[in-house]
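The values are calculated or read from the model by the stated rules, or taken from the named source; none is laboratory data. All figures in this text were calculated on a predicted structure; none of them were measured in a lab. Cβ atoms come from the backbone with ideal geometry, glycine included; neighbour counts cover every protein chain shown. Only protein heavy atoms, including side chains, enter the accessible area calculation; ligands, DNA and RNA are left aside. Shrake-Rupley method; radii C 1.70, N 1.55, O 1.52, S 1.80 Å.
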Amino acid sequence: MQIDFNTLTAPQKQQWLQHAIGPRPICFASTISAKGEVNLSPFSFFNMFSSNPPILIFSPSRRVRDTTTKHTLQNVLEVPEVVINIVDYNIVQQMSLASCEYPKGTNEFIKAGFTPEASSLVKPPRVKESKVQLECKVLETKELGTEGGAGCLVICEVLRMHVADSILNEAGTMIDQRKLELTARLGGNWYCKVDASNLFEVEKPNTELGIGVDTLPAPIRNSSILTGNNLGQLANVRAIPDVDPSFHDERLKNIFQYYSVTPDEMELELHRYAKELLDQQKVTEAWQVLLALS
């Protein structure tokens, strides 16, 4: 199916994009007007774009129905400061409530039941219930259009970060990713939660170049068992390993004994076993299994 965006209405464009591009982190932005009116609103067009300088960008889009701008944008144009409060699972329902289009001047801290906490460097308050709060100054705003759905980039520099002790690692030196149940936005009413049950690690590529999938031996590269992810793991080595004569594995021994008269079946079984090892992040062992026929 092909989607030609020139034929879509603004709501249709939004629906297709928001369902396909995600999960999107949520910028729960607290701002303040020149009159001192506090606003709190979430935006999922948000991410970090630089660590030095520490730059975050979020985008309050114009309302599709009438092209008007959000109170958050109006506030940062008056007072170029914002606190970006990170959303975890424990506050997602209150965060959603704060997204209601209350009249200008309404304090969403009160409406959504959040506790305002004074910031140390900027005027807008922090959300006490958020486990990570980033005090920022607004460097620039950049309009992307004037039609309904058009965004306006709010480019922010992080001045100070507040982190709850409860989400730090044992050494107290960094956030433990398993303790911060980040919540992200998808399409429609859908969200997702990051927790220990769905976290996984991907080994970073070598500091030296990996051999690449194209360099893998043809039987491995063209395997009907190994997936693209598996091939990526195998190809992230500096050189094809040598056969290790000291490598002993009871299952590997049984495969050779059982399939000794059917080499093609043996290769498939070796690939199945290698896939299991790769899915357990045991790349070295998987290589030894695959090299057993060489």
- Query: Which of Val79, Val261, Val202 moves most in a GNM of the chain, Cα contacts under 10 Å?
  - Reply: Val261
- Item | Free-standing Cys residues across the chain, given no other cysteine C-beta under 4.7 angstrom | Cys27, Cys100, Cys152, Cys192
- Percent of all alpha-carbon pairs of the stretch 188-287 at distances over 20 Å, whole number, is 48
- Query: What FRET efficiency would be calculated for the residue pair Asn254, Asp279, taking the C-beta separation as r and a Förster radius of 30 Å, to the nearest 0.05?
  - Reply: 0.90
- Please give the solvent-accessible surface of Asp66 in Å², to the nearest 10, using a probe radius of 1.4 Å with every protein chain present. 70
- For the chain, with a Gaussian network of springs between Cα atoms less than 10 Å apart, report the residue from Pro217, Pro125, Pro54 with the top mean-square fluctuation. Pro217
- Quote to one decimal, in nm, the extra length available between Asp244 and Ser96 on full extension: 0.36 nm per residue of separation minus the C-alpha distance between them. 47.7 nm
- Message: Quick check on the stretch 1-70: what are the equivalent-ellipsoid semi-axes from the Cα gyration tensor, as sqrt(5λ), descending, whole Å?
- Response: 27, 19, 10
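Quick check on the chain: helices-only [θ] at 222 nm, where DSSP H runs of length 4 and up contribute -39,500 (n - 2.57) each and the sum goes over total residues. Nearest 500, please.
-7000 deg cm²/dmol, from helical runs alone.
How much length, in nm to one decimal, is gained on full extension between Lys179 and Thr69, taken as 0.36 nm per residue of separation minus their Cα-Cα distance?
Residue separation times 0.36 nm, minus the Cα-Cα distance, leaves 36.0 nm.
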- Counting only protein chains, not ligands or nucleic acids, how are Phe114, Phe5 ordered by accessible area (probe 1.4 Å), most first? Phe5, Phe114
- Task: Starting from the Cα-Cα distance between Met48 and Thr106, subtract it from 0.36 nm times their residue separation and give me the gain in nm to one decimal.
- Result: 18.0 nm
- Cα→Cβ-extended label distance, 7 Å offset, between Glu201 and Leu17, nm: 3.7
- Item | Set of lysines near Lys70 by C-alpha distance (under 29 Å), chain-local residues within fewer than 8 positions excluded | Lys13, Lys35, Lys104, Lys111, Lys123, Lys128, Lys131, Lys137, Lys142, Lys193
- Accessible area expressed per residue, the chain, with surrounding protein chains retained (probe 1.4 Å, Å²): 58
- Rounded, prolate or oblate: which one fits the chain, using the alpha carbon gyration tensor with axes a ≥ b ≥ c (rounded when a/c is under 1.5, else prolate when a/b beats b/c, else oblate)? prolate
- Item | Gap separating the Cα centres of the stretch 83-107 and the stretch 214-237, nearest whole Å | 46
- Message: For a quick check, take a GNM of the chain with Cα springs below 10 Å and name the residue from Leu270, Leu97, Leu77 with the largest mean-square fluctuation.
- Response: Leu270
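Computing the accessible area with a 1.4 Å probe over protein heavy atoms, can you report the carbon and sulfur percentage for the stretch 212-270?
Taking all protein chains in place, the stretch 212-270 shows 52 percent carbon and sulfur surface.
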